[in-house]
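Here the structure comes first, spelled out in structure tokens, and everything after it is commentary.
Nothing in this text is a laboratory measurement; each read-out follows from the coordinates by a stated rule. Source: prediction; values computed, not measured. Here Cβ is always computed from backbone atoms with ideal geometry, including for glycine, and neighbour counts include all displayed protein chains.
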Amino acid sequence: MALPAKSLASAAANGLRLVSVRNSSSQPKVALLGASGGIGQPLGLLLKQDPLVAHLALYDVVNTPGVAADLSHIDSKAKVTAHTGAAELHAAVKDADVIVIPAGVPRKPGMTRDDLFNTNAGIVRDLVETIAKAAPKALIAIITNPVNSTVPIAAEVLKKNGVYDKRRLFGVTTLDVVRSQAFVAELKGHDATKTVVPVVGGHAGITIIPLLSQTKPSTKFSDEEIAKLTPRIQDAGTEVVNAKAGAGSATLSMALAGARFANALVRGIKGDKNVQCAYVESDAVKGVQYFSTPVELGPNGVEKILGVTSYEQKLIDASVAELNKNIEKGVAFVKGK
Ligand SMILES: NC(=O)C1=CN([C@@H]2O[C@H](COP(=O)(O)OP(=O)(O)OC[C@H]3O[C@@H](n4cnc5c(N)ncnc54)[C@H](O)[C@@H]3O)[C@@H](O)[C@H]2O)C=CC1
Ligand SMILES: O=C([O-])CC(=O)C(=O)O
């Protein structure tokens, strides 16, 4: 919530230290952490072009001034600021409405997303520790893998700081939706821009569950088509990792997906309610604490969790044990068990 200029002035006059006042929804600030990376740079480009973004704060441990100088020459609305290294993180996230996090290492061929845990868990924990203090009301969108575990890590850090609000924390699974829509459109000759495929569960292997039965426009798939499409969607990240042959994982399609999701969060903040799939704390599926489903986004983040009723129940059941393993690993990392 933004304070009117008058109350800000009188608070300052009374010597009050104002901590973490959010910008007004009319001037949204988006902070991008990991802004110099393979995802960060094209995602920064797309966010700079987003007419809803008033301030784009770029944070990384390296190369931020160059990326910011480059982006700041684009004739779009967003003001761009650069913040480099831990000492400048507080300023990067302070008053942010939305914080998008692609900071961390990507996979190489032969690795699972869980193999990134040892490096990325600590990166996410430390970033969220500062967010908890400088921007406790921000909507946080985590791209860093393994998403199934980094979201519970972030939640535990926010809880430890007494500022956790389950409506405000998201694992970004939009790329799974983007891919499903691309693959289905290609197979069926649909217009990809008008094809809708919800994807639920998590963001690794069998936890990625495309609800092909709910494709719009309504589409019939043979058993053979489903048997081919489902694993292709589940392994699409690995398809890119292998094609890049050691040079990283998906960056361009992820930048598009991340920009789409960040835009949806900002629209929600501005009162333009909309529905997106995201990995959030949820009671949609029994026996698992975090699960991606379509959720309605609004001024406070998740306004409503839209459940899953689906023909894909076997896939959902199969994902629960794997998700619980990933979630428990993240929680234990923060709790030091
Ligand atoms: N959720 C999803 O659907 C997807 C997630 N990813 C994940 O996104 C992450 C980033 O991937 P890329 O951009 O390709 O990697 P990258 O290595 O190209 O870029 C990562 C950036 O993070 C920065 N960084 C490292 N430690 C940091 C810290 N403590 N604070 C701030 N910045 C820090 C690096 O300096 C680098 O600029 C990976 O974990 C990857 O697995 C990738 C694709 C899809
Ligand atoms: O596969 C990876 O390591 C990156 C990722 O999450 C994706 O492309 O879906």
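GNM remark for the chain: springs join alpha carbons under 10 Å apart, and the peak mean-square fluctuation among 157, 288, 200 falls on 288. Within 12 Å, Cβ to Cβ, of residue 142, how many net charges do the neighbouring residues add up to if Lys/Arg are +1 and Asp/Glu are -1? Counting the neighbours of residue 142, the net charge comes to +2. Give the shape of the stretch 249-289 as rounded, prolate or oblate, defined through the alpha-carbon gyration tensor: a ≥ b ≥ c are the square roots of its eigenvalues, a/c under 1.5 means rounded, and otherwise the shape is prolate if a/b is larger than b/c and oblate if not. Here the stretch 249-289 falls in the oblate category.
So what's the net charge close to residue 89: Lys and Arg +1, Asp and Glu -1, counting the other residues with Cβ under 15 Å from its Cβ? Walk me through the intermediate numbers first.
On the way: positive: 29, 94, 125, 133; negative: 60, 88, 95, 126, 129.
Here the count lands on -1.
Identify which of 278, 69, 255 has the largest mean-square fluctuation in a Gaussian network model of the chain, with springs joining Cα atoms closer than 10 Å. For the chain, modelled as a Gaussian network with Cα springs under 10 Å, the answer is 69.
Here, the chain is characterised by an Rg to Rh ratio of 0.97, where Rg is the alpha-carbon radius of gyration and Rh the Kirkwood radius. A straight Cα-to-Cα reach below 17 Å connects residue 77 with the aspartates and glutamates 50, 97, residues fewer than 8 places away in its own chain not being considered. Where only DSSP H runs of four or more residues are counted, the chain gives -13500 deg cm²/dmol as its mean residue ellipticity at 222 nm, each run worth -39500 (n - 2.57). For the stretch 77-170, trypsin sites (Lys or Arg not before Pro) are listed when DSSP marks them as loop and at most 15 other Cβ atoms sit within 10 Å of their Cβ; the list is 77. Going down the list 29/335; 137/286; 108/314; 270/329; 133/335, which pairs span over 25 Å between their C-alpha atoms? In this structure, 29/335; 137/286; 108/314; 270/329 exceed 25 Å between Cα atoms. Using a cut-off of 27 Å between Cα atoms, the listed pairs 94/160; 79/160; 188/325 include 79/160; 188/325 as exceeding that distance.
A rounded overall shape is assigned to the stretch 196-337, the ratio a/c of its alpha-carbon gyration tensor axes (a ≥ b ≥ c) being less than 1.5. Taking a ≥ b ≥ c as the square roots of the eigenvalues of the Cα gyration tensor, the stretch 22-171 is classed as oblate, since a/c reaches at least 1.5 and a/b does not exceed b/c.
When the chain is treated as a Gaussian network with alpha carbon springs shorter than 10 Å, the biggest mean-square fluctuation among 268, 110, 237 belongs to 110.
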